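Have a look at the structure below before the remarks.
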Amino acid sequence: WNKNRAYQVGIAFLAVVLVVLSFTPPGYPALIVILAILAGIGLSAAHAIPLAILPDTIEWDELRSSNRQEAAYYSVVTLIQKLIGAVTIALTGSILAATGYVQTTDGSATQPQAAIDAIRVLSGLLPAAILIAGIVLCSFYPLTRERHARLLKAIEKKRALRKRLAGE
């Protein structure tokens, strides 16, 4: 598989697990543990594959611009991750508060149905919808294994030409 296809399959798998998790009724701890393990498989794809795709994108940019800009790319990725984390935490807290979520330290509170429904949506259905959007967006990623190999050859030719022109 190409990296983008592996990513699509991995996050599709994660989306399915999250949807199943969101509809899992209380009282099935063994099923929840199994789903958590399966979610780990999808999460590994969601975290590892984009970081494997990023160097290919940097090389594509190098061919286009004659500059390597790893720091800029990794900085933008890190910034986006941090912003998404901050927004997610803020929205989750606000939504749970609006649905009447009861905070306790010992877990003894009974949650209102609105809070339980919000937790199900926030932990399953909403992330699954976002992952599906990622699958669609990833289908537009143009670099395949073959195109990347051609890209690397073109970069080497371009570097060799620059060296010759510089008199090295």
Only listed residue being assigned to a loop (DSSP other than H, G, I, E, B), surrounded by 12 or more Cβ atoms within 10 Å (Cβ to Cβ) and not hydroxyl-bearing (Ser, Thr, Tyr), chosen from LEU151, LEU125, LEU143: LEU143
Where a residue in segment 103-126 is over 15 Å from THR24 (Cβ atoms) and its partner, wherever it lies, is open to solvent by 50 Å² or more (accessible area, probe 1.4 Å) and of a type outside the set (A, V, I, L, M), with Cβ under 6 Å and at least six apart: ALA115/TYR101
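Within segment 20-47, how many residues turn out to be part of a helix (DSSP H, G or I) and open to solvent by 50 Å² or more (accessible area, probe 1.4 Å)?
Keep residues of segment 20-47 that are part of a helix (DSSP H, G or I), which gives 20-22, 29-47.
Applying the additional criterion that residues be open to solvent by 50 Å² or more (accessible area, probe 1.4 Å) yields 20-21, 29-34, 36-38, 41, 43-44, 47.
Number of matching residues: 15.
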Members of segment 89-111 found to be modelled with pLDDT of 95 or more, more than 24 Å from ALA39 (Cα to Cα) and either part of a helix (DSSP H, G or I) or in contact with a Ser or Thr (Cβ under 9 Å, 6 or more places away or on another chain) (or both), listed by number: SER94, ALA97, ALA98
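The values are calculated or read from the model by the stated rules, or taken from the named source; none is laboratory data. Predicted model, so just to flag it, every value in this text is computed and none were measured. Using ideal geometry, Cβ is built from the backbone for each residue, glycine included, and neighbour counts are taken over all protein chains shown. Please note that ligands, DNA and RNA were not included when accessible areas were found on the heavy atoms of the full protein model with its side chains. Shrake-Rupley method; radii C 1.70, N 1.55, O 1.52, S 1.80 Å.
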